[in-house]
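These notes concern the structure reproduced below.
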Amino acid sequence: MKNFYFELNPSQSQDLVSLMLSGKYYNEDIPEGLQERTLKNRTGRTEGKGEKGTKRNMVFDAEKLRIEQMRRVSLNDFAGSLSMRLKRIRCAFLIGASLALTGLLHYAMLLASEDDSNEIESEQLSCRHPVLDVTNAQIQKHIQDLGELKCNQEIDWIETHNGTAIINKLITQLHGEVVCKISYIERVDDFTIQLGKSVLLTSEEGPINLEGDFSIVECESEKKKQWTNLLVGIHRNETLVRKVRSLKPPPNSMKLNVIMYGLDSMSRMHFIRKLPKTYKYLTEELKAIVLKGYNILGDGTPQALIPILTGYTEEELPETRKRMKNAQFVDVYPFAWKNFSSSGYITAWAEEQPDVGTFTYRLKGFKNQPTDHSMRTFFLQLNEIIRNLPKLCLGNKPRHTLMLDWMRQFYDVYPDVPKFAFCFNSELSHDDYNYVGYADPDIESFLRHLQESGILNSTLLIIMSDHGHRFARIRSSQQGKQEERMPFFSFVLPPWMEEKYPYLVQNLKINQNRLVTPFDIHATFMTLLNPDVPLQGHVSDRSISIFSEIPKERTCVSASIEPHWCACLSWFTLPTNHSLAKTVGQVVITYINDLTQVQRAKCEALQLGNVTRLEKFTPNKDFLTFKKNADLDGRAGEFSDHTKVTEIIYQVQLVADPGEGMYEAVVKYSALDKRYYVKGEEISRVNLYGNLEHCIHDDYPELRKYCYCIEQLNAE
């Protein structure tokens, strides 16, 4: 969609920047947009009508806003002592009769300090997320295309398929008969491994069944050619199969397999930048639902994964930090895979870089292997030889493909029992912006295999990340900080779910634009085992399954997100007679006229009638000043940063003449180049246009909401 921008003269620019940094503009009235609106939100649903109870909720929110505004001024102590019931009674009284008190409170708000204004804005409004640019210049300058990762050209001598190992026929053709010694790697504990049983594999005898998942292989051919490597596979455990078959899932369970594949440090924007093939296949072929409002809870991978897997923060769980005397093993955590295991699932967990693992870097690790299959044993062995390997490779394979192949084999080996697998890749993306691009064709190929093999017909697929990049070079900018707080998170559902669970799937689609946290993902896992969840989540609930509609009124406060981790924009309602109202409104009108210019002989050029609402969005104060963690565990922050506000978002509602067309649009102002930007997909017509566009109705359907036919004007 075409971009459009406007330049500002110096006086306008100074006026705008001053406004950006101030908190002094308030409208004493409840924002018009929160009353009995009939505007369409981004999900296409109509607010204010058509759904039982919607209008009532909207009015209640307006009442709550007025109460919160009053609570922040001189009557703070009085209002703070009232119960919620008394607040509602007081609110009704104020709306009906207390005009004098309202005027007094408004006067007090105008006298409030800038800090007080920021407090009012952050607590009284629901979450509005920033409009991010995937080509942001401050980030794009760090992005490079590294091309294809080239590893050793010699093919692997041994292949693993469906729980078996076999010597590659091409190797015997090149080197003659081959004999290999396979030594299985065994787990001692989360930090120690040992070699176990050894078996022989020969090219003459053919394939053998694997007796373990990981091994060291040493091969020699009759021509004295030697080859050594690590082997990755899946051993089918029949004892385990019998055990899980004896455990029945809840009777109303969705009976879905689960695959969750994560990439470290990938914001939604960076995922789109560096994995374009994967993103295209996910969204266009698999129809993935991407969460645009997914927000982190804290700094680092544990703060992201622990709430997903347990429903709690690290602080709320038993002490597991290594340096603490009373530390327990993390086995004590109520991991979601335990729920799936007790419901008849076989489970798998994989994570690279064991020396900085999620549960082993600061935490004590697992006493017992946490899942039925785990890759930690393999990566501990890999760590012992990694310095001698080509960068990012193991033999002829890119190392990131080992985990993808292991997941694929996990599904091949256990086609007859339910499965839960979570694999998290960090080597490519944790310490570098660009290496992850190497994985794009391989992840796309993995997704294509899942689709073409039919695995996705019975599987919930989650592709996700823990947080965005945390490097100072990127997060020193406003968008860089915002991206850090908004990682990639997506869901792919089997097609039949929409027919069997229509309301749950519809809620998931609605929630792609709502504020979602790691707590909600844990609640979603529990929904798979018991889909009996309310269709509407409650705003006071910390964990809401994404199969329940997350309230529009949810804020970072109600979702238990600390202010400095909150990506939601603080916003103010500006007076419609402010000079910026006309400027922003004219940006939209000029853009619309630019679109209809191709049919100027038929479509009248629009004029700005009046602006009916103008709202300004900026990051909150704690977001801008947060610099880094001030402790080892990410539980305290250092607030010494001075991140500049480089972008400001306006949402404007206006009336255009002729025809009195009412439009709502998002306009972005860049303080870097002093320009306004607007996109067509961010302009909505919010009243009916009837037959006013009949002259282009068939030939230019994309212009229908913008065109006022000249012949209509002449007829009037």
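A short reminder: the numbers here are calculations on the coordinates, not readings from a lab. Quantities reported herein were computed from a predicted structural model and do not represent experimental measurements. Virtual Cβ from ideal backbone geometry, glycine too; neighbours counted across all protein chains shown.
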Using R₀ = 35 Å, calculate the FRET efficiency as 1/(1 + (r/R₀)^6) where r is the Cβ-Cβ separation of SER183 and ASP416; round to 0.05.
0.70
Net charge of neighbours whose Cβ lies under 9 Å from the Cβ of LEU363, counting Lys and Arg as +1 and Asp and Glu as -1
+3
Multiplying the sequence separation of LYS509 and VAL199 by 0.36 nm and subtracting their Cα-Cα distance, what value in nm do you get?
106.5 nm
In the neighborhood of GLY163, defined by Cβ-to-Cβ distances under 9 Å, what is the net charge if each Lys or Arg adds +1 and each Asp or Glu adds -1?
0
Ranking request for peptides 687-697, 518-528: highest mean number of other beta-carbon atoms within 10 Å first, then the rest in descending order.
518-528, 687-697
For the residues THR517, THR401, THR172, what sequence is obtained by ranking on other C-beta atoms within 10 Å, fewest first?
THR172, THR401, THR517
Gained length - LYS582 relative to HIS538, 0.36 nm times residue gap less alpha-carbon distance
12.0 nm
Could I get the Rg over Rh figure for the range 300-422? Both from C-alpha atoms, Rh via Kirkwood, rounded to two places.
0.99
Picking from GLY454, ASN530, PRO551, whose Cα lies most toward the positive end of the charge dipole for the range 442-587 (charges on Cβ: Lys, Arg +1; Asp, Glu -1)?
PRO551
Sorted from fewest to most neighbouring beta carbons within 10 Å, what does the list ASP372, ASP264, ASP431, ASP355 look like?
ASP355, ASP431, ASP372, ASP264
What's the extension gain from LEU240 to ASP432 if we count 0.36 nm per residue and subtract their Cα-Cα distance?
65.2 nm
Go ahead and collect, in residue order, the members of the range 337-359 whose backbone nitrogen is under 17 Å from a label point 7 Å along the Cα-Cβ direction of LEU146.
352-353
Put in order of increasing Cβ neighbours within 10 Å, starting from the fewest, LYS668, LYS280, LYS274 give LYS280, LYS668, LYS274
Set the bar at 28 Å for Cα to Cα. Now go through LYS248/LYS322; LYS277/LYS391; LYS287/LYS397; LYS582/LYS705; LYS150/LYS322; LYS287/LYS679 and name every pair that lies beyond it.
LYS248/LYS322; LYS287/LYS397; LYS150/LYS322
Starting from the 7 Å offset along Cα-to-Cβ, what nm value, one decimal, do you get for the label separation of LEU713 and ASN687?
1.8
